[in-house]
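The structure appears right after this line, and notes come after that.
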Amino acid sequence: MASILNNYLDSATGILNTIATEEQNTLNDAAEIIADAYLQNRKIYIFGCTHSAILAEDVFYRAGAPAFWQPLWGPGMSIATTPGFLTSAVERSQEVGEAIIENSMIAEGDVILVISTSGKNAAPVAVAEKALLRGAKLIIISSSFYRNAKGNHTRLASLWQLENRALIVDNHVPCGDASIQVGMCPMGPVSTIAGSFILHSISALAIEKISAQGGTPPVFLSSNAPGGREHNEALLNLPGMREKFMLP
């Protein structure tokens, strides 16, 4: 048991250390894009499919996270509400990806962060491409282990083909996601661990930049901590905030 725990811990911390070292400048650049957009009253969207959708949920309405994140909830793409095999089918749908942007309010000058470790499913590729056509600034989280992979989008092999038009943060997740071997079984996924670290690091760096430029840092506190509920209610009353978190 100890060797499995230690192997998984070593693999996970190794990837986090690699991200912190090799992606430091990219994370800072992503934070700069987001901070500038926030200070210009632009919207900051986040999108992911299946287990990448967990990461969009991870930063949304969360204690210790900024209130500026606005997920694009794609139909059939959340593992929490859709049978697993169906989410896999939907994330391969270019038509659904295009429809998500066509039916969104994303506009020129907004930012969208698209998460896909493999980067090759048609839905996230379509979301990214269509958002660029709207004039949005694009940040991508993907793994360079899939750089040469080809998916099922009709024109683009993967998100990596957009690297000249986007900022890509490499999550350094190995192909297949598993980071340890248990007998004959590849196990120990690390994409969620790596993605959460990346997103919360970008969030913290962006808040630092917003504060440095005189902006009020829009960070949620735990409603279970003293003064947290009052702080969050005041934050929700800032212009453009309430509609993200409340019913009409």
| said: Looking only at region 1-28, filter to residues that are over 17 Å from the mean Cα position of the chain (by Cα) and more than 19 Å from P174 (Cα to Cα); which one of those is modelled with the lowest pLDDT? | reply: M1
| note | Within region 208-248, the count of residues that are of a type in the set (G, A, S), surrounded by 13 or more Cβ atoms within 10 Å (Cβ to Cβ), closer than 23 Å to A37 by Cβ and out of contact with any helix residue (DSSP H, G or I) (no Cβ under 6 Å at 6 or more places or on another chain) comes to 1
| field | Selection from region 29-58 of residues that are touching a residue at least 60 places away in the same chain (Cβ under 8 Å), surrounded by fewer than 21 Cβ atoms within 10 Å (Cβ to Cβ) and within 26 Å of S179 (Cβ to Cβ) | value | H51, I54, D58
| note | Scanning region 16-60 residue by residue, those part of a helix (DSSP H, G or I), in contact with a strand residue (DSSP E or B) (Cβ under 9 Å, 6 or more places away or on another chain) and under 30 Å from P83 (Cα atoms) turn out to be H51, S52, A53, I54, L55, A56, E57
| Considering G64, G97, G76, G109, which residue is of a type in the set (G, A, S), in a loop (DSSP other than H, G, I, E, B) and without any contact (Cβ under 8 Å) to a residue 60 or more places away in the chain? | G76
| said: Going residue by residue through region 36-52, is there one that turns out to be more than 14 Å from the chain's Cα centre (by Cα), modelled with pLDDT of 95 or more and over 19 Å from A136 (Cα atoms)? | reply: no
| Failed criterion for A89 (all others in (1) in a loop (DSSP other than H, G, I, E, B); (2) at pLDDT below 95 hold) | (1)
| query | Checking D177 against (1) under 27 Å from T13 (Cα atoms); (2) in contact with a Lys or Arg (Cβ under 7 Å, 6 or more places away or on another chain); (3) among the charged types (D, E, K, R), which test does it fail? | reply | (2)
| request: Could you check E98 against (1) surrounded by fewer than 21 Cβ atoms within 10 Å (Cβ to Cβ); (2) over 16 Å from S158 (Cα atoms) and say which number it fails? | output: (2)
| field | Filter pass, I140 being farther than 28 Å from R242 by Cβ, β-branched (V, I, T) and under 16 Å from the mean Cα position of the chain (by Cα) | value | yes
| said: Name the residue that is surrounded by the most Cβ atoms within 10 Å (Cβ to Cβ), counting only residues in region 142-180 that are of a type in the set (S, T, N, Q) and outside any loop (DSSP other than H, G, I, E, B). | reply: S142
| remark: From the option list I139, I198, I193, I202, single residue qualifying as in a strand (DSSP E or B) and under 25 Å from L16 (Cα atoms) is I139
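The values are calculated or read from the model by the stated rules, or taken from the named source; none is laboratory data. Not measured: the values here are computed from a predicted model. All Cβ positions, even for glycine, are placed from backbone atoms using ideal geometry, and neighbour counts span all protein chains on display.
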